[in-house]
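The values are calculated or read from the model by the stated rules, or taken from the named source; none is laboratory data. All of these numbers come straight from a predicted model, not from anything done at the bench. Reconstructed Cβ throughout: ideal geometry from the backbone, glycine too, with neighbour counts over all protein chains shown. SASA here: full protein model, heavy atoms, side chains in, ligands and nucleic acids out. Shrake-Rupley method; radii C 1.70, N 1.55, O 1.52, S 1.80 Å.
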Amino acid sequence: MKAFVNSVRAFAREEDGVALTEYLILLALLVGGVIGAVTLAGTNLATVWNGWAGWFTAKLAVPAA
């Protein structure tokens, strides 16, 4: 148990652990932002895409022979 406590203390003293924690926090914020943007824009993009698909289907239909 004492070895574990010493290794945790050594990790806390190192600067690499702090930098790694900062990078992980930034990564989590970035991933959260991307997921939020896709979630918010996803419904609107689907609506626009379906509108364009309907327009193409109606306007570019093959004429009857």
Open item on the list: Keeping every protein chain present and rolling a 1.4 Å probe, give me the accessible area per residue for the chain in Å².
Closed with: 93 Å²
Task: Label selected from [x] 26.5, 88; [y] 10.5, 28; [z] 12.0, 38, the criterion being Rg and Dmax of the Cα atoms in Å as computed here - done: [x]
- [ ] Please get the size of the charge dipole for the chain, origin at its Cα centre, with Cβ charges of +1 on Lys and Arg and -1 on Asp and Glu, quoted in debye to the nearest 20.
- [x] 200 debye
TODO: For Val5 and Leu60, compute 0.36 nm times the residue count separating them, minus their Cα-Cα distance, and round to one decimal in nm.
DONE: 12.6 nm
- [ ] Grab the Cα-Cα distance for Ala53 and Leu27, subtract it from 0.36 nm times how many residues apart they are, and report the gain in nm with one decimal.
- [x] 5.7 nm
